[in-house]
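Shown next, in structure tokens, is the structure this report addresses.
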Amino acid sequence: MPDQGVIASATLQVRARGKNDAASYGFSEVPVEVLFAAGPWRTFRWHLGQAHYSGSYWSATEADLVIYESRLELARLLYADFDPTVKRIIAQPLHLTAQVDGLTRRHIPDYLLLADTGPVVVDVKPAHRLSKEAVAFTFAWSREVIESRGWGYQVWSEPPVAELENLRFLAGFRREWLFAPEILEALDRAELDGAPLAEAFAMAPEFDSRLVRASVFHLMWVGRLTTDLKTPLGPGHVLRRVV
């Protein structure tokens, strides 16, 4: 059973983008639009020999940069950006506080997603660290608080290697303005459902084959074409149209 005391005590702080001052709310009362306008809670930390790999990723979903603090967080960003059900991606959206076992506990989730099913809070952590007592404890009370509002909560670890490499490759074709509408329209008219990749690349012969190839990959990124991404992409991968 959820601990109602923990849930009732939960508060959060959030910073508007470009602002240093934080506003405080009860977790059950904070307007969703405030969180989706939030700036990252932490700033980048760089130092000699640091273990983390930090940076900014240009998200097609956000049409803006989204920060990450590790390669694993970058991988989660790729998956969110590729997911057609995800409409917003916010990094480090809030500083969560609750009274748990008589002590004040604090946590900053890694991402907040706005999915078709509603808000989803995501924590990213390597699988080998999930069994650590402090990590499991933090994620447990965070889940109680977040799910008490009907939101989703997800702890995300390493994805399948081949699938991630495929997404990394397809992400190179995510910028919509780089693709000629007339080529995309020609591919929309072509018989691509059930066609292997090698044949798809030749289905708009009136255009430069290199541009057609890139446009096929763009249609895969935006979800108008799908294929099995569990194995490394190759010429025999069969495409399916998404209606």
Give the residue, chosen from 99, 92, that is touching a Lys or Arg at 6+ places or on another chain (Cβ under 8 Å) and either of a type in the set (Ser, Thr, Tyr) or farther than 22 Å from residue 39 by Cβ (or both).
99
Checked the range 179-214 for anything part of a helix (DSSP H, G or I) and either in contact (Cβ under 8 Å) with a residue 40 or more places away in the chain or acidic (Asp, Glu) (or both); matches are 182, 185, 188, 197, 199, 214
Can you pull out the residues in the range 114-157 that are loosely packed, with under 14 Cβ neighbours inside 10 Å and touching a helix residue (DSSP H, G or I) at 6+ places or on another chain (Cβ under 7 Å)?
126, 129, 130
Strands (runs of 3 or more DSSP E) contained entirely in the range 87-142, each with at least 2 residues that are without any contact (Cβ under 8 Å) to a residue 40 or more places away in the chain
103-107, 111-115, 118-124
Could you please find all residues in the range 64-90 being touching a strand residue (DSSP E or B) at 6+ places or on another chain (Cβ under 7 Å), closer than 21 Å to residue 14 by Cα and open to solvent by 10 Å² or more (accessible area, probe 1.4 Å)?
65, 67, 68, 73, 87, 88
Starting from the range 151-165, take each residue that is farther than 21 Å from residue 36 by Cβ and list its partners that are surrounded by 15 or more Cβ atoms within 10 Å (Cβ to Cβ), counting only C-beta distances under 6 angstrom and pairs at least six apart or across chains.
155/123; 155/139; 163/229; 164/75
Positions within the range 59-83 being more than 16 Å from residue 124 (Cα to Cα) and without any contact (Cβ under 8 Å) to a residue 24 or more places away in the chain, in sequence order:
63, 64, 65
From the residues in the range 215-243 that are among the aliphatic types (A, V, I, L, M) and in a loop (DSSP other than H, G, I, E, B), which one is most open to solvent (accessible area, probe 1.4 Å)?
243
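The values are calculated or read from the model by the stated rules, or taken from the named source; none is laboratory data. Treat the numbers as computed from the prediction; the structure is a model and nothing was measured. As a convention, Cβ positions derive from the backbone with ideal geometry for all residues, glycine included, and neighbour counts pool all protein chains shown. The area values use the complete protein model at the heavy-atom level, side chains included, leaving out ligands, DNA and RNA. Shrake-Rupley method; radii C 1.70, N 1.55, O 1.52, S 1.80 Å.
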